[in-house]
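The values are calculated or read from the model by the stated rules, or taken from the named source; none is laboratory data. A quick note: this is a predicted structure, and the numbers were derived from the prediction, not measured. Positions of Cβ are backbone-derived with ideal geometry, glycine not excepted, and every protein chain shown enters the neighbour counts.
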Amino acid sequence: MRAAWITDIHLNFLNAEQVLAFCAALRAENPDLVLLGGDIAEADTVEWYLKTLTADIRLPMYFVLGNHDFYQGSIPTVRKVMDDLCRNESRLTYLSRIGCVKLTDTTGLVGHDGWGDGRLGDYAGSTVRLNDHRLIRELTGLDRDELLLRLNRLGDDAADHLRSVLPQALDAHERVILLTHVPPFIESCWHEGKTSDGNWAPFFTCKAVGDVLLEIMSKRPDRQLTVLCGHCHGAGRARMLSNLEILTGRAEYGAPEIQTVFEID
């Protein structure tokens, strides 16, 4: 089985011809399925772009959402739209809402959007101000303390989901792939060849998820977990445990790319 991994494709920065060209490039790789790691478009267009992708590529597509996918909208509302979409589009699967997907007898797939949860780096001293905090309904109009609590909760939601589904996936499969948007460790948060500093890390890492992964995988040395993430637009690889590897995809606005196509046994 061949899986194509794409992330941070930001299709709303492309014209229609460029979107179709990207679809053609995906088809040319001859994958059996597509793993899509979020930042597809924005709240008012993400559904349309997902429909366009699946209609053109005509392959199973497993996806999570990124922060940009909620711009100009509401987190619960967009997630509800994704639930409705997946009920009507059999090739689309929103991993944040389900348990483990059996890809092969030995490999399972889990996922969640994740979120920069403010816990790593220097939140109090950070000068970073993201568009998230003015374009996503649940994050607007908050002071710094209120925003941190909201980010904490979003990170905890992702961690709780994985705490629930990952052990079951590991019981059933020798290898598990975790698809998420936000890097779970500073060591996996890459930009221009370097890992994140304390100024950016609060918004580009999800410590709650990282803690869960370390906790679970340290108890399962007989199993392997590969994490596929994006968000920071820089490529890199980090191994946190002998059985826990994180791959981070690169991205550039207006130039979506296929991160890799890999074989799943």
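In segment 1-53, what count of residues is obtained for those that are basic (Lys, Arg) and under 22 Å from Leu103 (Cβ atoms)?
So the answer is 2.
Looking only at segment 93-134, which residues are acidic (Asp, Glu), more than 15 Å from Asp145 (Cα to Cα) and in contact with a helix residue (DSSP H, G or I) (Cβ under 9 Å, 6 or more places away or on another chain)?
Within segment 93-134, Asp113, Asp132 qualify.
For segment 60-80, how many residues are buried (at least 17 other Cβ atoms within 10 Å of the Cβ) and either touching a helix residue (DSSP H, G or I) at 6+ places or on another chain (Cβ under 6 Å) or not in a helix (DSSP H, G or I) (or both)?
14
Out of (1) under 21 Å from Glu29 (Cβ atoms); (2) more than 15 Å from the chain's Cα centre (by Cα); (3) free of Cβ contacts under 8 Å to residues at least 60 places away in the same chain, what's the single condition that is false for Ala235?
For Ala235, the failing item is (2).
I'm trying to understand the selection: among the residues of segment 236-256, which are in a loop (DSSP other than H, G, I, E, B) and surrounded by 16 or more Cβ atoms within 10 Å (Cβ to Cβ)?
Hits for segment 236-256 are Asn243, Gly249, Arg250, Ala251, Pro256.
For segment 21-31, does any single residue satisfy the condition of being surrounded by fewer than 22 Cβ atoms within 10 Å (Cβ to Cβ), more than 16 Å from the chain's Cα centre (by Cα), acidic (Asp, Glu) and farther than 21 Å from Leu228 by Cα?
No - not one qualifying residue is present in segment 21-31.
Please list, ordered by first then second residue, the pairs with beta carbon atoms under 7 Å, 6 or more apart or interchain, first in segment 136-158 and touching a residue at least 12 places away in the same chain (Cβ under 8 Å) and more than 16 Å from His181 (Cβ to Cβ), second outside any helix (DSSP H, G or I) and of a type in the set (A, V, I, L, M).
Close Cβ pairs (under 7 Å, with a partner that is outside any helix (DSSP H, G or I) and of a type in the set (A, V, I, L, M)) amount to Arg150/Leu142.
Name the pairs: first residue in segment 74-103 and closer than 26 Å to Asp171 by Cβ, second residue of a type in the set (D, E, K, R) and part of a loop (DSSP other than H, G, I, E, B), Cβ to Cβ under 9 Å, at least 6 apart or on different chains?
Leu95/Asp113; Ser96/Asp113
For the structure I just gave you, tell me whether Gly118 is of a type in the set (Gly, Ala, Ser), under 19 Å from the mean Cα position of the chain (by Cα) and either on the phi > 0 side of the Ramachandran plot or surrounded by fewer than 15 Cβ atoms within 10 Å (Cβ to Cβ) (or both).
Answer is yes for this residue.
Is it the case, given these coordinates, that Arg250 is over 15 Å from the mean Cα position of the chain (by Cα) and either modelled with pLDDT of 95 or more or under 21 Å from His10 (Cα atoms) (or both)?
Taking the combined requirement at face value, the residue does not satisfy it.
Out of all the residues in segment 123-138, which are β-branched (Val, Ile, Thr) and surrounded by fewer than 16 Cβ atoms within 10 Å (Cβ to Cβ)?
Selection gives Thr127, Val128.
Please count how many residues of segment 157-207 are closer than 18 Å to His231 by Cβ and not in a loop (DSSP other than H, G, I, E, B).
21
Anything in segment 142-151 that is more than 13 Å from Arg129 (Cα to Cα) and either under 17 Å from the mean Cα position of the chain (by Cα) or exposed (fewer than 14 other Cβ atoms within 10 Å of the Cβ) (or both)? List them, or say none.
Within segment 142-151, Asp145, Glu146, Leu149, Leu151 meet the criteria.
Among Glu47, Glu42, Glu17, which is the only one that is of a type outside the set (S, T, N, Q) and outside any helix (DSSP H, G or I)?
Glu42
Determine whether segment 179-186 contains at least one residue that is closer than 21 Å to Ile264 by Cβ and hydroxyl-bearing (Ser, Thr, Tyr).
yes
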